[in-house]
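Notes follow once the structure below has been shown.
The values are calculated or read from the model by the stated rules, or taken from the named source; none is laboratory data. All figures in this text were calculated on a predicted structure; none of them were measured in a lab. As a convention, Cβ positions derive from the backbone with ideal geometry for all residues, glycine included, and neighbour counts pool all protein chains shown. Ligands, DNA and RNA are excluded from the accessible area calculation, which covers all protein heavy atoms including side chains. Shrake-Rupley method; radii C 1.70, N 1.55, O 1.52, S 1.80 Å.
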Amino acid sequence: MTQSVVVQVGQCGNQVGCRFWDLALREHAHVNKRGLYDEALSSFFRNVDPRKSDGGACCVGGRIQHLKARAVLIDMEEGVVHGILQGPLREVFDSAQLLTDVSGSGNNWAVGNLTYGSAYRDSIVNKLRKAAEHCDCLQCFFLIHSMGGGTGSGLGTRVLSLLEEEFPDVCRIVTAMYPSAEDDVITSPYNSVLAMRELTEHADCVLPVENQSLVDIVNKISLMSHDAKPGCVLKKESTVTSGQGGVSPTERPFDAMNNIVANLLLNITSSSRFDGSLNMDLNEIANNLVPFPRLHYLVPSLTPLYTLADVNIPTRRLDQMFSDAFSKEHQLIRADPKHSLYLACALMVRGNVQVSDLRRNIERLRPSLPFVSWNQEGWKTGLCSVPPVGHAHSLLALANNTCVKPTFMELRDRFTKLYKKKAHLHHYLHVDGMEQSAFSEALSSLSALIEEYHHLDATKARLIPDAPRLSIAR
């Protein structure tokens, strides 16, 4: 069994990451009734015996002693990490996994990437190496951070480059939270575009998640609490609307949004944590979905978006679940993939689903999903036998699709409005090592990425539709 390490950077990255650990522990507790440290747990948790003087890890097959997450937590403000150490997950982490400062990055990519990135480089590398040494077969680094703030965008992407430098053969999958147009960080367009260049150059796969899409999804779920129909009610203190069991015992504004991203991570890691008839190796995601190295932005969609513990509604039929995964309402960025071009698509299914069910639904949906002409069979499928808690089945779709282009164009427009006026630029240029050329190079990198997607989109008009069936003359 392989292992993976989660690296969570900044306030958002740590809040989402810790929600993932909380839900993962609940999921394993639901499945693992015997209290044994099995291979499923070993993929993301170490089993440490505190009675051993060297704090040595216990072998797979023994009793669970003391679980430690395979994680590194980094933040240049100590508030969130301090809250974790005071909360219900405090026993899952130890000080060797944590790196904090007190002053923060001031919503400035340059401070996070250059100032803190240089000051803490050796400490970060040491913690990453320590986490890697605890793995028998390290397969993947999951990096979680936001794009709008200074620590997430700046230090997060500095960590990404260090991962490539220190572990070039280990897969790097990034979950990046993109700010909405109404974001309260004025400099978020600068931070996001500067970070985009690093993601394009150094990541193997990026799962972009838009804050606005999460807000829309949470609002839609919340409406169920006001629905008069019987059997369609949002439960109070649910895992969607409440922070119970997470980092904090009290509800916070972003808890519901963090839960959705945490469920995305639960689903993408399910094949690594549990057995299945058609398990998908994490390395296979990049190998099968990324035909060109820069075009590695995979649009995630998730169904269901809530758990049965949250919403008392009838379970979706299996075929309807597949249809939902390709609808706008279930995408974690505001996009409609059906009206753009697919380069490839992965379907990661959990629960009692047969290969024949997968094939039937792919054939049913194929006519409405335009694929590039040279990869009409660009499907990758995975079946994990263990469903999410409270569900018969679930589906995560990862689409390499040109529908990300409008999101990137909107981000470029917001960047350009500020940059034309050189607004707030002095805050960045005062940082040691930051040059104005970094802005123009980041803008050029994003524009080149958009142009690559545009060229692919242009081929859609040349796709030859299926020949019409011959009709029999009467």
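Could you tell me which of the residues 411, 418 is modelled with pLDDT of 95 or more, in a helix (DSSP H, G or I), under 30 Å from the mean Cα position of the chain (by Cα) and more than 14 Å from residue 196 (Cβ to Cβ)? Talk me through it step by step, then tell me what you get.
Details: 411 fails: more than 14 Å from residue 196 (Cβ to Cβ).
One residue alone meets the criteria, 418.
Only a single criterion out of (1) open to solvent by less than 20 Å² (accessible area, probe 1.4 Å); (2) modelled with pLDDT of 95 or more is not satisfied by residue 146, namely (1).
The single condition among (1) acidic (Asp, Glu); (2) more than 28 Å from residue 42 (Cα to Cα); (3) open to solvent by less than 20 Å² (accessible area, probe 1.4 Å) that residue 101 does not satisfy is (3). Looking for something on the phi > 0 side of the Ramachandran plot, touching a residue at least 40 places away in the same chain (Cβ under 8 Å) and surrounded by 17 or more Cβ atoms within 10 Å (Cβ to Cβ) - is there at least one such residue anywhere in segment 349-358? Yes: one or more hits. If the condition is being out of contact with any Leu (no Cβ under 6 Å at 6 or more places or on another chain) and closer than 15 Å to residue 294 by Cα, then segment 177-197 contributes 195, 197.
Selection within segment 423-463: residues that are modelled with pLDDT under 95 and part of a loop (DSSP other than H, G, I, E, B). The member of this set that is nearest to the chain's Cα centre (by Cα) is 459. Residues of segment 155-178 that are closer than 12 Å to residue 121 by Cα, open to solvent by 10 Å² or more (accessible area, probe 1.4 Å) and not acidic (Asp, Glu): 158, 161.
Looking only at residues in segment 359-377 that are touching a residue at least 60 places away in the same chain (Cβ under 8 Å) and in contact with a strand residue (DSSP E or B) (Cβ under 7 Å, 6 or more places away or on another chain), which one is surrounded by the most Cβ atoms within 10 Å (Cβ to Cβ)?
370
Take the conditions (1) more than 22 Å from residue 204 (Cβ to Cβ); (2) in contact with a helix residue (DSSP H, G or I) (Cβ under 9 Å, 6 or more places away or on another chain); (3) at pLDDT below 95; residue 118 misses just one of them, which is (3). Answer yes or no as to whether residue 112 is open to solvent by less than 10 Å² (accessible area, probe 1.4 Å) and under 23 Å from the mean Cα position of the chain (by Cα). Judged against the criteria, residue 112 is a match. Looking only at segment 190-199, residues that are open to solvent by 10 Å² or more (accessible area, probe 1.4 Å) and either under 16 Å from residue 417 (Cβ atoms) or hydroxyl-bearing (Ser, Thr, Tyr) (or both) come to 0 in all.
Checked against the criterion of being in a helix (DSSP H, G or I) and touching a Ser or Thr at 6+ places or on another chain (Cβ under 8 Å), the candidates 158, 197 yield just one match: 197.
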